[in-house]
1. As an exercise: evaluate S2 against (1) in contact (Cβ under 8 Å) with a residue 40 or more places away in the chain; (2) more than 18 Å from K72 (Cβ to Cβ); (3) surrounded by 18 or more Cβ atoms within 10 Å (Cβ to Cβ) and give the number of the one condition it does not meet.
2. Quick one: T44 ticks every box in (1) at negative phi; (2) touching a Ser or Thr at 6+ places or on another chain (Cβ under 7 Å) bar one, so which box is it?
3. Considering each of G76, G63, G38 in turn, give the residue that is modelled with pLDDT of 65 or more, of a type in the set (G, A, S) and farther than 17 Å from V20 by Cβ.
4. Which pairs do you get when a residue that is of a type in the set (V, I, T), found in the stretch 46-63, comes within reach of a residue that is surrounded by 10 or more Cβ atoms within 10 Å (Cβ to Cβ), reach meaning Cβ atoms under 8 angstrom, with the pair 6+ apart or on two chains?
5. Return the pair list, or none, for Cβ contacts closer than 7 Å from residues in the stretch 24-37 that are under 23 Å from D50 (Cβ atoms) to residues that are small (G, A, S) and surrounded by 10 or more Cβ atoms within 10 Å (Cβ to Cβ), at least 6 apart or on different chains.
6. Which of (1) surrounded by 10 or more Cβ atoms within 10 Å (Cβ to Cβ); (2) modelled with pLDDT of 85 or more does T94 not meet, given it meets every other one?
7. Tally time: how many residues in the stretch 45-75 are within 22 Å of the chain's Cα centre (by Cα), among the β-branched types (V, I, T) and outside any strand (DSSP E or B)?
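The values are calculated or read from the model by the stated rules, or taken from the named source; none is laboratory data. Being a predicted model, the structure only gives us computed values, none of them experimental. For neighbour counting, all protein chains shown are included, and Cβ atoms are generated from backbone atoms with ideal geometry for every residue, glycine included.
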Amino acid sequence: MSVTIRLTRTGRKNLPSYRVVATQTRTKRDGKFLDIIGFYNPSTVPASFDYDKKKFQEWVSKGAIVSDAVKKMVEGKYEYKKYKPGKEEEVEKTEAVTEEKSAPAEKPEAAAEDNTAPVDETPEQAA
């Protein structure tokens with residue numbers, strides 16, 4: 001069975017903290033684990049993340065799959081964003097409105113010039 005390095009949630013209600021653990025892929029999020037590798041606490045300012053590099057490399061060398069969140073944390077690219085319902089929709093709407101306003105309106109003269117195609121005159125039409 002394969003092993004995954006992922007986060008398990010600890011802490012109380014509305015105050016999360018996480019452990020970085022090596023666990024079987026089929027176990028529950030907060031179920032049994034094989035080894036504790038580190039911790040992550042998003043509640044502190046700035047969020048604190050620490051892990052044992054030797055244990056991490058050991059599990060990766062054994063073939064453990066690293067979850068996306070843990071991979072980003074190890075690379076230093078992870079940023080905790082607190083979820084606020086309804087904010088994403090408002091942001092998308094305002095972005096769409098600003099894009100419409102920022103697009104320059106075409107001048108009617110330029111549009112009229114583009115639509116007219118040159119017509120070849122034949123002797124029958126000229127007569």
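1. Only one criterion in (1) in contact (Cβ under 8 Å) with a residue 40 or more places away in the chain; (2) more than 18 Å from K72 (Cβ to Cβ); (3) surrounded by 18 or more Cβ atoms within 10 Å (Cβ to Cβ) is unmet by S2, namely (3).
2. (2)
3. G63
4. Note: pairs meeting the criteria are V60/I5; V60/V66.
5. F33/A22; L34/A22; D35/A22; I37/A22
6. (2)
7. Selection size over the stretch 45-75: 3.
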